[in-house]
1. Between segment 95-113 and segment 60-88, what is the separation of their alpha carbon centroids in Å?
2. Any idea what log10 I(q)/I(0) is at q = 0.12, 0.18, 0.21 Å⁻¹ for segment 309-404, Debye with uniform C-alpha scatterers and no solvent?
3. Counting pairs of alpha carbon atoms under 8 Å apart in space and at least six apart in sequence, what relative contact order in percent does the chain give?
4. Based on alpha-carbon centroids, what's the gap between segment 461-479 and segment 279-358 in Å, whole number please?
5. Translational diffusion coefficient, Stokes-Einstein: compute it for segment 411-523 using the Kirkwood radius over C-alpha pairs as Rh, at 37 °C and 0.692 mPa s, and state it as an integer in µm² s⁻¹.
6. Take the Cα of residue 293, step 7 Å along the line toward its Cβ, and report every residue of segment 130-163 whose backbone nitrogen sits under 13 Å from that point.
7. Place the peptides 228-234, 74-80 in order of packing, highest mean first, counting for every residue the other Cβ atoms within 10 Å and averaging per peptide.
8. Distance from the Cα centre of segment 426-451 to that of segment 169-247, in angstrom?
């Protein structure tokens with residue numbers, strides 16, 4: 001996705017945003033100068049929480065931005081600015097008894113992107129320096145104070161904290177009423193810009209805790225808001241993952257008693273954004289009295305793809321017993337890449353490939369059938385942009401599967417030919433072998449000639465014939481013809497003898513099976 005420009009777009013949306021009047025008047029030069037001067041001034045006063053791997057920046061009206069170590073791009077639009085289009089808003093509907101100075105207004109900040117909400121800007125208060133060492137016991141902390149509605153309005157004390165080594169930072173907004181009783185909505189919203197691009201899909205996990213945000217379609221980098229529970233804190237009333245500039249349309253029109261967000265999640269790639277709102281203070285019972293306080297809190301998460309896991313990473317099984325390898329894909333916060341495509345290839349003796357859709361828990365199961373004994377390497381990657389080709393940022397992993405053949409081949413043996421040798425109607429002795437896999441077949445035959453009734457020859461005579469060896473394919477019926485030496489045929493012509501056939505089958509893994517058959521045959525007389 002091409003980065004959005006600060007230039008005002010043409011079309012129906014050109015009249016919206018922080019400088020709508022100027023746009024409608026066509027004073028583009030004045031607009032650009034105003035935007036540029038505002039951006040430069042705000043960057044000069046953005047206070048950093050210099051941590052690792054994230055450095056968080058807080059603007060004078062509570063605007064948020066964060067940079068990951070090694071990246072020149074922030075996680076919110078404008079990704080090159082220290083002032084991000086992300087933060088806190090307060091909406092005061094009319095008709096519910098709000099003071100005239102607040103009723104009908106939405107308070108917040110002007111966005112750096114065109115198409116932002118037309119809101120009343122907070123009045124800057126104070127920005128403290130960052131304190132803390134960055135440990136869990138002593139996190140980096142920065143406090144910014146601003147007001148809505150002046151001296152008789154409400155004051156917001158924003159506390160931003162970060163613990164080194166984490167992929168998220170915490171933001172708390174303590175709202176203190178300086179005047180008459182008020183009923184309001186509190187909202188948090190952000191325009192995402194992960195890894196230098198704002199194109200992505202929405203992400204929601206039910207939790208607890210609930211999470212709403214977006215994922216970059218190409219890199220898998222993700223981020224968003226995680227709900228925080230605690231004493232005095234309120235749960236979200238609604239959430240939504242949606243597109244820019246729709247998120248700012250929602251904020252701009254949030255000064256009503258109807259829900260701002262609709263609990264939906266952006267299903268297809270777009271310029272992704274997200275928001276949450278707290279509506280509990282709209283009710284008469286929830287109204288904030290003079291000098292009353294209410295706190296709101298969430299975690300702002302940013303994550304990159306974690307290493308793809310394949311389990312087991314090394315497995316073995318008998319030939320023909322499938323090995324199932326489970327892939328788990330998530331970001332560094334543990335959020336599964338549900339719905340993403342996992343592509344895999346099986347390299348080795350059981351080649352194959354395929355594509356699977358990751359389940360809600362980020363898993364998919366790859367099956368290596370193991371029809372052939374030997375080794376396979378299973379290679380898989382998460383295809384974020386669904387183009388069928390792995391990009392360097394798309395996580396990949398491999399696993400080994402080895403199949404051991406300790407199962408003898410299964411074969412059928414049939415012996416045919418009742419009158420063998422001689423000529424005329426005589427037939428050869430034929431052994432037909434059919435196996436379920438490629439194998440080497442060795443056939444040995446022993447003829448037993450019964451003894452004579454005379455005293456001179458009373459015992460039977462055994463004659464071992466020359467063995468025959470042949471390689472057969474799987475499912476291939478192969479006849480093996482057994483030759484009876486001429487001298488045997490001449491000596492025992494016309495005799496009825498017993499043929500004992502021993503078939504030894506050996507497969508590629510040296511598994512053997514021996515099959516024996518016996519058949520009565522008559523040696524034809526020579527002519």
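1. Cα centres, segment 95-113 to segment 60-88: 24 Å.
2. So the normalised log intensities are -0.36, -0.75, -0.96.
3. 9 percent
4. Each part reduced to its Cα centre gives a spacing of 58 Å.
5. 220 µm²/s
6. 155-159
7. Going by the mean number of other Cβ atoms within 10 Å, highest first, we get 74-80, 228-234.
8. Computed from Cα coordinates, the inter-centre distance equals 78 Å.
Here, each number is a calculation from the coordinates, and none is a lab measurement. Keep in mind that this is a model prediction, so the values were computed, not measured. Using ideal geometry, Cβ is built from the backbone for each residue, glycine included, and neighbour counts are taken over all protein chains shown.
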